[in-house]
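Okay, structure first, notes after.
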Amino acid sequence: METQQQLDDFQARIDAGEKIEPKDWMPERYRQQLTRMGSQHAHSEIVGMLPEGNWIGRAPSLKRKLVLLAKVQDEAGHGLYLYSAIETLGESRANMIDQYLYGSAKYSSIFNYPTLSYADVCVIGWLVDGAAIVNQTKLAHCSYGPYARANLRICKEESFHKKQGYEMVAKMAEGIPAQRKMVQDAVNRFWWPTLMMFGPHDSDSPNSEELIKWQIKLNTNDELRQHFVDRVVMEAGAIGLTLPDHDLKFNEETGHWEMGEMPWDEFWNVVKGNGVMNRERMKARRNAHENGAWVREAAQAYARKKKLSREKAS
Ligand code: FAQ
């Protein structure tokens, strides 16, 4: 039973900007919400390796292959930081992974779109990593210590991802007409799905109020989306690319770029598992998990053997 006093003391700690650590008392609902959101974040990083991994063997030069290989490997690392952080809330990694591969846990909608050309990889670096940074820079200051620290580390690597993406997009944008066409086409296809990464409008976001009260989220979905749009409009203009939103216009009064209405039906369709690539992504992840069972068993057997020999020696 949680007493009102416990809840009030907890809220006072949050309001004072204190970090909550794994052994501290916390409301059960705080634990559940963080486990839900943080584990979905971890799953997204892991699924997120698939669209770009598809292009490692086909990147146009050794340099581009090396950069892409390093980036995709970083995403695996981000997944691991996040699973480790969320495990401290009491949920086992095996359960979280089970929930996502065979249960109802979600992962980011953006990874259910195909990567049709190499320009898609460049645009993912610029836009998708760019959106992830806007979101995660805030999460790096969230109230739960392990999740905040994991996001801080992720952001350092993610900012390299974004820079390499923008550099590639800029190079293509100043290339021959076929390259400019290819990169503009990638921007056109990824623009709206990238904006959907920030989640539904605030009025349709059932979790935001609670998450903001507990400083798990520091900003609403719409606030972060706006921040991202304001930044990207300038970046696109600087390299001569257009964004596929005819309603995009600058509001002198607010100082923000107003955007058109997003294709929300498409968003909910993808979230419900009916996007172009949902089934293929899940199949690839389940296969990888099942085919990797022997590696996990071998690693556990090795750890057991090491433990036994340490115990014998002491
Ligand atoms: N996709 O009430 P809200 C990356 C669900 S990492 C799918 O607003 P909330 C790195 C939501 O779960 C990208 N589902 O939810 C990378 C909820 O359903 P539930 C991932 C979505 O939690 C780059 C329902 O809709 N980042 O990209 C989405 O307050 C390049 C109602 O929504 C994170 O996960 C969506 N886009 O806010 C890797 C960051 N949006 O669970 C490779 C942490 C909403 O109640 C290459 N997460 N839903 O059944 C967050 O900041 C938040 O969870 C939001 C959603 C903002 C995503």
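Every number here is computed from the coordinates shown, using simple stated rules; none is lab data. Computed from a predicted structure; not experimentally measured. Note that each Cβ is placed from the backbone with ideal geometry, even for glycine, and that neighbours are counted across all protein chains shown.
For the chain, what does the relative contact order come out to in percent, with C-alpha contacts under 8 Å and a separation of six or more?
On the way: 341 pairs, mean separation 56.8, N = 314.
So the answer I get is 18 percent.
Per-peptide packing, taken as the mean over residues of other Cβ atoms within 10 Å, places 22-30, 295-303 in the sequence 22-30, 295-303 from highest down.
Local charge for ASP247 was computed over the other residues whose Cβ lies under 14 Å away, with Lys and Arg +1 and Asp and Glu -1, and equals -2.
What separates the Cα centres of the range 1-71 and the range 144-189 is a distance of 20 Å.
Springs join every pair of Cα atoms under 10 Å in this Gaussian network model of the chain, and among HIS161, HIS41, HIS256 the largest mean-square fluctuation is at HIS256. In this structure, the pairs whose alpha-carbon distance is over 30 Å, taken from LYS23/LYS162; LYS171/LYS249; LYS71/LYS181; LYS138/LYS272; LYS65/LYS156, are LYS23/LYS162.
Using 0.36 nm times the number of residues separating MET234 and ARG279, minus their current alpha carbon distance, what extension gain do you get?
Full extension from MET234 to ARG279 adds 12.6 nm.
Three principal axis extents of the range 216-284 based on alpha-carbon atoms, in descending order, are 46, 34, 20 Å. How many times 2.2 N^0.38 Å is the alpha carbon radius of gyration of the range 164-228? Cα Rg divided by the expected 2.2 N^0.38 Å: 1.56.
When a footprinting reagent is the concern and you count Cβ atoms within 10 Å, what order do ASP129, ASP185 take, fewest first? Before the final figure, lay out the partial values.
Working: ASP129 25, ASP185 15.
Taking fewest neighbouring Cβ atoms as first place, the list is ASP185, ASP129.
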